[in-house]
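**Student:** Can you read through this structure? Questions will come right after.
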Amino acid sequence: MPVVKEVNFKGEVIGEVTLSDAVFGAPIHVPAMHQVVVAHLANCRVGTHNTKDRGDVRGGGKKPWRQKHTGRARAGSSRSPVWVGGGVAHGPHPRDYHQKVNKKVRRIALRSALTLKVQEERMLVIDSFGLEAPKTKGMIEFLSAVQSGKKPLLVLHETNMAVVKSAANIPGADVQHVDSVNVYDLLNHDQLIATPEAVKKLEEVFG
């Protein structure tokens, strides 16, 4: 059974938490994590990029000069892609980058990412943040005490604006609700710090 340290908001180790083998001790499936991360980044793309081709550019209706006997290359429109002010040849147009990933693959990838965090000893459980009001200094001291690295991920079981605002001005730090945890953020952040209730929710949903 995987075991991680439990700390308080002062960064002191107060015990250990035994985790579920099904979620935090699962086989690491690298291809599944890769597929989910690629799909996540693709789905973040808006796809609203657009360029005008020669048919979309205003003007160019009149033939610039006659076809023959001018000594110049023949031209049918001043909006040709080879002309200044002309259209763009083979430019991007709006498109949908969405990639579908099966639910089973997403679950395998998430369990793999959580297991990887435990194996690399980059996961902690915090008993309580104990913040009644936003306090950035207190959050910085806590993250420094637990050596969270440059990009810690705090996972909560309920919305806590004091924690969210305390970490808002800390570069690299991110606070998420347990329902929003995804493979990309787990792999992209240095350390995972979760509440006991959030851990139980992960075990119930993905166990």
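**Student:** Using Cα positions and a limit of under 25 Å, work out the lysines in reach of LYS5, with same-chain residues fewer than 8 apart set aside.
**Tutor:** Reachable lysines: LYS117, LYS135, LYS137, LYS150, LYS151, LYS200, LYS201.
**Student:** Another one. Send over the semi-axes of the range 75-207's equivalent ellipsoid, whole angstrom and largest first, taken as the square roots of 5 times the C-alpha gyration tensor eigenvalues. Numbers along the way, then the final one.
**Tutor:** Working: eigenvalues 365, 93, 36 Å².
Sorted largest first and rounded, they come to 43, 22, 13 Å.
**Student:** What whole-number value in Å² describes the accessible area per residue of the range 116-201 for a 1.4 Å probe? Before the final figure, lay out each step's value.
**Tutor:** Working: 4270 Å² over 86 residues.
Solvent-accessible surface per residue comes out at 50 Å².
**Student:** Of PRO31, VAL3, HIS49, which is farthest on the positive side of the dipole of the range 1-84, counting Cα position, with +1 on Lys and Arg Cβ, -1 on Asp and Glu Cβ, and the Cα centre as origin?
**Tutor:** Towards the positive end, the residue furthest out is HIS49.
**Student:** Next question, about the same structure. Report Rg/Rh for the range 66-151, rounded to two decimals, where Rg is the Cα radius of gyration and Rh the Kirkwood radius. List each step's numbers first, then the result.
**Tutor:** Values: Rg = 30.0 Å, Rh = 20.5 Å.
Here Rg/Rh amounts to 1.46.
**Student:** May I ask you to give the percent of accessible area on the range 58-207 that is carbon plus sulfur, with a probe radius of 1.4 Å?
**Tutor:** Values: 4450 of 8990 Å².
With neighbouring chains kept in place, the figure for the range 58-207 is 49 percent.
**Student:** Here is a follow-up. Are there trypsin sites (Lys or Arg not before Pro) in the range 149-207 that DSSP puts in a loop and that have at most 13 other Cβ atoms within 10 Å, and which ones? Working shown, then result.
**Tutor:** Values: sites: LYS150, LYS165, LYS200, LYS201; in loops: LYS150.
The qualifying sites are LYS150.
**Student:** For the range 28-86 and the range 173-207, write down the distance between their C-alpha centroids in whole Å.
**Tutor:** 42
The values are calculated or read from the model by the stated rules, or taken from the named source; none is laboratory data. Just so it is clear, the model here is predicted, and its values are computed rather than measured. Methodologically, a virtual Cβ is constructed for each residue, glycine included, from the backbone with ideal geometry; neighbour enumeration extends over all protein chains shown. Areas reflect the complete protein model, heavy atoms only, side chains present, ligands, DNA and RNA absent. Shrake-Rupley method; radii C 1.70, N 1.55, O 1.52, S 1.80 Å.
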